[in-house]
Each structure stands twice: as structure tokens, then as C-alpha cells.
Amino acid sequence: MGSSGPHPVPLAFVFRSRAKEEKAPADQAQVAVSNQPRDPQAPKGRPTPKRSVAQSQRRSVANTPTTRKEAAKRQRDERRAQLEKQRQALASGDERYLPARDKGPVRKFARDFVDSRFAIAEFFLPLAVVILVLSMIRVPQLQNIALLLWLFVIVLIVIDSIGIGFRLKKQLNERFPDTPRKGAVAYALMRTLQMRRLRLPKPQVKRGERP
């Protein structure tokens, strides 16, 4: 009763002070987050995204088709646009939009090699029409001439194609030793069967101009 010993500290005061100290940093963090401007579309409790990120998100949401019909329509439009780019590239020689079979430096060189020369095979269609007309005339002599002329044209085309293929293969081996060249010679020979004005992609070199 009469002793002057230390007074005991209430337990409620100890726990209350610790709770306030632990709660203070969390309250400060919440205030810092709440002070940042929040976009109306941003999820609750998160800071506003950057303008570029928000615009890209809105654009992706807007561009996403909502129905199967819209998705099919978009695919058709993209396919039509791609075909139009390929058509223009076939006329201009733009490598970016050419079909896969025409792309690459090897195929371009093969086209230029053929377009810079005369090939007997490119006159095959006109000669075939002439031979067909002669063979339809009911004159034995003309029919025999048409048959001989047909055989003569075929032999000339074969010999000329062998020469073109041999020279082209040699040029490809020298210019593109480390690039795949499979199918380039056959690709060029098929091009010789077309008349120059009908070839696609359009010729980019003149007659006699070596690539």
C-alpha cells in the first residue's frame, strides 16, 4: 500500500500504439495511390495507364470482331487487299508483295536472265496457231509441211531450252553460291514459254540488257 514501486503500464495502451504504428505506412500508401488520377476505364485500385497503352487497348477492343459474320467479312477484306497488293507487285516487280514462288534474288535473276534474251519457246503459241491452220487445210502437201514444221519447232525449242538452262545454271552457281537455287532453272524455262508482253511479273530489263 505504501510502497512507491513503478506503476504497471496498461496492456491496452501497448497494443494500441503498435497497431497505430503498423497501420500508418499502409494508410500513407493508400493516400499516395488515391492521389494519382485514375482513368474511368482503369480497374479500381490501379493507377491510370499511359495514353499510348490506353489507346492501343481501346483500338484492340474496337478492332476485335464481335460475331462470326464480322470475322469472316474481315478475313475476306484482308484477303482481297492482299491479292490486290500481289496484283500490283506483279505489274511493278515490288519484291515485298510478290507471291512466294516469285520472291528472292535467285528468282529475280532468273527472270531477268530470260527477259534479256530471245527464246524460241516464247514464239511457240503463235507458231502453234499457224501450224494448226495449215494442218486443217485439206491439201496433203500443206498437211505434210505442217507436220514437218511442227517437228522442227519442237526440236528447236528443246535445243534452245537446254542451252538456256545450262547457261543460267552456270550463272546462278557463280552469283549465288550460298543461296538455295532449287527450281530456279525450271522456273525460268516455264517463263520462256510465255510471250514477253504476257509474262508476270512484268519484265524489268530490256532485250540485250544483261542482268
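The values are calculated or read from the model by the stated rules, or taken from the named source; none is laboratory data. Small disclaimer: the values here were computed from a predicted structure and weren't measured. What goes into the accessible areas is simple: the full protein's heavy atoms, side chains included, and nothing from ligands, DNA or RNA. Shrake-Rupley method; radii C 1.70, N 1.55, O 1.52, S 1.80 Å.
List of remarks:
- With Cα atoms defining each centre, the stretch 154-189 and the stretch 69-120 are spaced 22 Å apart in the structure.
- Accessible heavy-atom area order of 205, 139, highest first, probe of 1.4 Å: 139, 205
- Here residue 115 sits with roughly 0 square angstrom of accessible surface, probe radius 1.4 Å.
- Ligands, DNA and RNA excluded, the heavy atoms of residue 179 present near 50 Å² of accessible surface to a 1.4 Å solvent probe.
- Size descriptor, Kirkwood hydrodynamic radius, that averages inverse alpha-carbon separations across the stretch 79-198, Å: 16.5 Å
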